């Protein structure tokens, strides 16, 4: 009995289809990683702006603590509650308006030169002192990818 000997060609290297499939999978993976990086950058930018807005709100609250008598008299009030902020820096005519102007210009420089970068300050007499509210408004569409209007508020007794 003779066995038929068939010569099987041995495969050498990878076929073109295998190389294309590997390249496609690698490309999809790299695109996914770049999308994750872009998302991380957007969230990082949003976090930075939120931190800066908080710092700016505390900046104004500290300025009012330094001039507490004027704050208790309502000289620092800017805009009206609820949610009617001022978006244009006031004229520099006294210490409270100087502080407001510096604050508004700092907000525009740090949070963006857009119409939605605004601030609100409201101090009112309370039973235990003067309740002051500081609100900072800004546009975060670049950081969050769509959730543009943002506001941070702090309250304190003077």
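Scanning the stretch 75-89 for residues that are surrounded by 15 or more Cβ atoms within 10 Å (Cβ to Cβ) and either over 22 Å from the mean Cα position of the chain (by Cα) or at pLDDT 95 or above (or both) yields 75, 76, 77, 78, 79.
Scanning for something free of Cβ contacts under 8 Å to residues at least 12 places away in the same chain, surrounded by 11 or more Cβ atoms within 10 Å (Cβ to Cβ), farther than 30 Å from residue 129 by Cβ and over 21 Å from the mean Cα position of the chain (by Cα), does the stretch 36-45 turn up at least one residue? No; the residues of the stretch 36-45 include none that is free of Cβ contacts under 8 Å to residues at least 12 places away in the same chain, surrounded by 11 or more Cβ atoms within 10 Å (Cβ to Cβ), farther than 30 Å from residue 129 by Cβ and over 21 Å from the mean Cα position of the chain (by Cα).
Among residues of the stretch 103-117 that are at positive phi, those with a beta-carbon under 7 Å from a residue that is surrounded by 18 or more Cβ atoms within 10 Å (Cβ to Cβ) and at pLDDT 90 or above at least six positions away or on a different chain give the pairs 112/138.
Would you mind telling me which numbered condition in (1) in contact with a helix residue (DSSP H, G or I) (Cβ under 9 Å, 6 or more places away or on another chain); (2) without any contact (Cβ under 8 Å) to a residue 24 or more places away in the chain; (3) within 18 Å of residue 153 (Cα to Cα) residue 49 fails? Every condition holds for residue 49 apart from (2). Residue 39 meets each of the listed conditions (1) closer than 21 Å to residue 148 by Cβ; (2) modelled with pLDDT under 90; (3) touching a helix residue (DSSP H, G or I) at 6+ places or on another chain (Cβ under 6 Å) apart from (3). Taking helices (runs of 4 or more DSSP H) as the structural unit, those lying wholly within the stretch 52-158 and holding at least 2 residues that are over 30 Å from residue 36 (Cα atoms) correspond to 68-72, 95-111.
The values are calculated or read from the model by the stated rules, or taken from the named source; none is laboratory data. Given the structure is predicted, the values throughout are model-derived calculations rather than measurements. Neighbour counts are summed over all protein chains in view; Cβ atoms, including those assigned to glycine, are modelled from backbone coordinates with ideal geometry.
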